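Below you'll find the structure, written out as structure tokens, and then a few comments.
The values are calculated or read from the model by the stated rules, or taken from the named source; none is laboratory data. Given the structure is predicted, the values throughout are model-derived calculations rather than measurements. Cβ sites come from the backbone with ideal geometry, for glycine too, and all protein chains shown count toward neighbours. We work out accessible area using only protein heavy atoms, side chains counted, and drop any ligands, DNA or RNA first. Shrake-Rupley method; radii C 1.70, N 1.55, O 1.52, S 1.80 Å.
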Amino acid sequence: MPYLLLANPAAGSGAGDLPTRAERALNDVRTIELGPDVDLATEIERAIGEGRTVIACGGDGTVNAAAQHLAGTHGVLGVLPGGTLNHFARDLGVRDPDVAIATLAEGHLAAVDVGRADDVVFVNNIGFGAYPEIVREREDREGSVGKWVAFVASVFRVMVDLNPVEGTIEVGGARQHLGATALFVGNNRFSTSPGSIGQRDRLDEGVLDVRIVRSRSGVLGRASAGWRTVARRPRRIVSLVGERVDVRLREPRLAAIDGERGSARARMSLRSDPGALRVLAPPGDAP
């Protein structure tokens with residue numbers, strides 16, 4: 001089986017020697033280091049034409065970048081976890097690098113869902129409110145102080161000044177007012193059970209998981225809600241599930257897509273696209 005390996009040198013924890021290990025373990029690997037000069041759409045289209053499995057070697061942002069061009073095609077995605085959190089790799093069952101490399105060589109083909117937010121694909125989630133603002137602040141700071149120090153500083157900065165996300169949200173035809181510290185729309189259901197918070201048991205349910213963290217007044221109230229949102233222990237939370245979600249905000253707000261900063265949007269129509277992404281999954285595992 002031939003492969004196109006997309007290596008992201010800027011991934012959170014770094015891909016380390018993963019590209020080299022993959023090149024040694026697999027046959028016919030063409031490696032491209034991602035950067036501003038790489039035309040990813042053209043490279044992936046070429047790989048699909050050559051029958052190559054496209055390997056995303058990096059974090060969730062790298063997986064997302066590949067999925068943008070693979071979803072809805074007959075191309076196949078493989079994942080090497082070289083990022084900081086690797087949520088998609090974890091839920092696919094390939095967070096361990098040894099398992100991931102073995103899966104590229106011996107795994108089976110599976111079809112998993114993606115979410116679509118207008119013209120944008122997401123494999124994990126899309127969010128408004130506290131989290132994207134923290135991502136923006138962190139990216140602005142991390143060049144001088146490092147990623148984790150920038151993250152902590154950004155949490156406190158955003159918690160004090162965050163304005164609620166206001167507007168309306170419609171899930172499954174039912175519309176309600178939206179006044180939230182954070183809004184997340186996930187690709188399939190995310191667990192809230194202790195020990196597995198934020199994980200998905202399945203990647204092929206064909207639904208969107210909506211979590212609304214209700215806003216609170218005052219600096220201390222906003223700070224508490226913001227911290228609990230980041231720590232994934234929000235108390236004032238509304239959970240909804242549907243195949244389609246429409247968001248209408250009073251003003252454009254910054255979005256975070258699979259953990260990366262997106263554009264500011266005031267209107268967004270989201271839907272689940274079942275089975276749109278073909279992936280290599282561990283032998284014997286269900287997606």
Problem set entry | Wholly enclosed helices (runs of 4 or more DSSP H) of the stretch 1-73 bearing at least 2 residues aliphatic (A, V, I, L, M), open to solvent by 20 Å² or more (accessible area, probe 1.4 Å) and more than 21 Å from Gly83 (Cα to Cα) | 40-49
Seminar exercise, completed: Taking the stretch 244-258 and the residues there that are over 18 Å from the mean Cα position of the chain (by Cα) and acidic (Asp, Glu), the one that is surrounded by the fewest Cβ atoms within 10 Å (Cβ to Cβ) would be Glu251
Exercise. For the stretch 112-135, does any single residue satisfy the condition of being without any contact (Cβ under 8 Å) to a residue 40 or more places away in the chain and either in contact with a helix residue (DSSP H, G or I) (Cβ under 8 Å, 6 or more places away or on another chain) or basic (Lys, Arg) (or both)?
Worked result: no
Seminar exercise, completed: Of the residues in the stretch 74-100, those that are open to solvent by 20 Å² or more (accessible area, probe 1.4 Å) and either in a loop (DSSP other than H, G, I, E, B) or under 19 Å from Thr20 (Cβ atoms) (or both) come to His74, Thr84, Leu85, Gly93, Arg95, Asp96, Pro97, Asp98, Val99
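Residue by residue, here is whether (1) modelled with pLDDT of 70 or more; (2) in contact with a strand residue (DSSP E or B) (Cβ under 9 Å, 6 or more places away or on another chain); (3) open to solvent by 30 Å² or more (accessible area, probe 1.4 Å); (4) of a type in the set (Lys, Arg) holds:
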{"residue": "Phe128", "(1), (2), (3), (4)": "yes, yes, no, no"}
{"residue": "Glu137", "(1), (2), (3), (4)": "no, no, no, no"}
{"residue": "Gly143", "(1), (2), (3), (4)": "no, no, yes, no"}
{"residue": "Phe151", "(1), (2), (3), (4)": "no, no, yes, no"}
{"residue": "Gly167", "(1), (2), (3), (4)": "yes, yes, no, no"}
{"residue": "Asn187", "(1), (2), (3), (4)": "yes, yes, no, no"}
{"residue": "Gln199", "(1), (2), (3), (4)": "yes, no, yes, no"}
Problem set entry | Looking only at the stretch 259-281, and only at residues there that are open to solvent by less than 70 Å² (accessible area, probe 1.4 Å) and at pLDDT below 95, the one that is nearest to Arg90 (Cα to Cα) | Gly259
